[in-house]
Amino acid sequence: MTDLERSLVESLITAASPLYWQLIFAVALVVGYFFWSRLYFQVLDPAVRDRIGAALGLKLIWVLRHSASYQTAFEWGSVRYHRWSWGIALEHQRTFLRDGLVVVLSLVCVNIIAGLWPLAVFLVVALELKALAYVTFFPTCCAMLALYAIFWSGRYEVAGMREAGPPKISES
């Protein structure tokens, strides 16, 4: 083995912490991210939507964007893929600016803040603290990105999202 090969192998498996701690951290992070994703959508998201909706004076629900089931003035351009995001329950309250604000809030609160903070922790530990070797970093990175794609890209549908449509107004 040449010196160059030896240094490459050394950099692949060495880090600030022993390999077994790296593996424990990586598995805990991936499992924690999976459970965080489930917990957020089923428990925390309704509270966050209610709080932000109350501040805006709107009832926020999950809607399937770019579909016939959610009519809004905030549509433009060609057909895009359907994705879940927050929307306004009452159709008469949907203006271009209000619905645009709700889309941006959904993107920031759900997809960026709630979805990316575990990835940020992972990257700080791996890159800034140099606590993970490449043999641990790459598989963990792939697993974390796969979980983000499954849960946080707007395609994940939680039970009850379709039933949370606009409230029925009784005619009495």
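Each of 132, 64, 4 was scored by other Cβ atoms within 10 Å of its Cβ. Listed from fewest to most, they are 4, 64, 132.
Taking 0.36 nm per intervening residue step and subtracting the Cα-Cα distance, what contour gain separates residue 50 from residue 149 on full extension? The partial results should precede the final answer.
On the way: separation 99, 0.36 × 99 = 35.64 nm, distance 2.54 nm.
Computed gain between residue 50 and residue 149 is 33.1 nm.
What's the extension gain from residue 156 to residue 16 if we count 0.36 nm per residue and subtract their Cα-Cα distance?
Values: separation 140, 0.36 × 140 = 50.40 nm, distance 3.62 nm.
Gain in length upon complete extension: 46.8 nm.
Between residue 31 and residue 5, what length in nm is gained on full extension when 0.36 nm per residue of separation is reduced by their alpha carbon distance? Show your work: numbers first, answer last.
Working: separation 26, 0.36 × 26 = 9.36 nm, distance 3.39 nm.
Contour length minus Cα-Cα distance gives 6.0 nm.
Read the figures in this text as sums done on the coordinates, not as results from a lab. These numbers come from a predicted model, not from an experiment. With ideal geometry, Cβ positions are generated from the backbone for all residues, glycine too; neighbour counts draw on all protein chains shown.
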